[in-house]
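Enquirer: Let me give you the structure first, and then I'll get to my questions.
Laboratory data are not the source of any read-out in this text; all were calculated from the coordinates shown. All values reported here derive from a predicted model rather than from experimental measurement. Here Cβ is always computed from backbone atoms with ideal geometry, including for glycine, and neighbour counts include all displayed protein chains.
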Amino acid sequence: MPGILYQPSSRRRFVFTAAKAFAGAFLIRELNLIGEEVAQKSAHFALLSDTHIPADPKNEYRGFFPWENLKKTVPQVADARPEGVIIDGDAARLTGETADYEAVKQLLAPLAERMPVFIGLGNHDDRENFFKVFANPPGTRQKISGKHVLVIERPSLRFVILDSLLYTNKVAGLLGKSQREWLGRFLENADPRPTILFVHHTLGDGDGELLDVQRLFELVRPQRKVKAIFYGHSHKYAFSQDDGIHLINIPAVGYNFSDEEPVGWVDALFTSEGADLKLNAFGGNREGDGKTKSLSWRS
Ligand SMILES: [Zn+2]
């Protein structure tokens, strides 16, 4: 006679399977909660800059084809499944023609159908033509006369895309007094969520850079919630700091100016503590392709 601990195998299997199913459901619920928690605490964006899209797909510069490059970038970005895309200026080839923006829109369509694509303006953009093609761009537009400034709010972070377009197809850029005053008021009144700024122009003191960069630094240094400034313009990939604020030069999608620089985009995972930035270099110097740089925010 079987002992009292004996259980028919079917019954044992049932208990085991039920326990596994229960554990599985529990695990799935846990993982979903973790997933939600990660989504609450982070923001995942594809960062592009200087796409320089011409109306003519055959347009070439230094052996690069900007139209082809963006075409190539779009499925890479789609595969990374970010929640949005930020383009840090110079979307158009050189003079911000309406036909350039039509091409930008067409190339970005597979992404724009799935996620917001936020486009900032650079010195090769034309604000009026941009709005002819992108009449209702995503992001919360700020009321600053003559400037296109966007704010993107996430549960644990905030992104501000500034407008340094001063004049089209000349090199220098300027935020200008009204935008700086707006930014000062905005940061003063904003809750302490980490805030990340985007601007097209480089942050040096050259004549072709952001002409009011020192006034921008004076404004953001004491605002401890400002953790990083991303910029483009130089078609370089570089990292530096000012008073603990990370300054990140996003590489160009269109072409580089020197063979040492990558051509590509950055897959960025932001949290309230810092960011992981993964370079996707498909052209130029590809040495850093796939490498991730981790940043920690100042307190
Ligand atoms: Zn550029």
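Enquirer: Quick one: compute the contact order of the chain, relative version, from alpha carbon pairs under 8 angstrom and 6+ residues apart, as a percent.
Expert: Contact order relative to length: 17 percent.
Enquirer: May I pose another question? Taking the Cβ of G244 as the center, what net charge do the other residues with Cβ under 11 Å away carry, scoring Lys and Arg +1 and Asp and Glu -1?
Expert: +2
Enquirer: Looking at the chain, which longest stretch skips every one of the chymotrypsin sites (Phe, Trp or Tyr not before Pro) that is in a DSSP loop with at most 16 other Cβ atoms within 10 Å, leaving the sites themselves out? It would help to have the intermediate numbers written out before the result.
Expert: Working: sites that count: Y6, Y167, F257.
Answer - 7-166.
Enquirer: Going by amide H atoms built from the backbone, whose H comes under 5 Å of the H on D242, apart from near neighbours?
Expert: Amide H to amide H, under 5 Å and 5 or more residues apart or across chains, D242 pairs with L247.
Enquirer: Select from G290, V263, P251 the residue farthest towards the positive end of the dipole of the range 241-299; place +1 on Cβ of Lys and Arg, -1 on Cβ of Asp and Glu, and compute about the Cα centre.
Expert: Positive-most Cα among the choices belongs to G290.
Enquirer: Given H placed on each backbone N at 1.01 Å, which residues far from A92 in sequence or on other chains put an amide H within less than 5 Å of it?
Expert: Excluding prolines and chain starts, which carry no amide H, the hits are H52, I53.
Enquirer: Taking the Cα centre as origin and putting +1 on Lys and Arg beta-carbons and -1 on Asp and Glu beta-carbons, what dipole magnitude results for the chain, to the nearest 20 debye?
Expert: For this selection, approximately 1460 debye.
Enquirer: Compute the relative contact order of the range 108-242 as a whole-number percentage, counting only Cα pairs closer than 8 Å that sit 6 or more residues apart in sequence.
Expert: Relative contact order here is 22 percent.
Enquirer: Using Cα positions and a limit of under 16 Å, work out the lysines in reach of K132, with same-chain residues fewer than 8 apart set aside.
Expert: Qualifying lysines at Cα under 16 Å: K105, K147.
Enquirer: How many percent of DSSP beta bridges within the chain run antiparallel, rounded to 5?
Expert: 60
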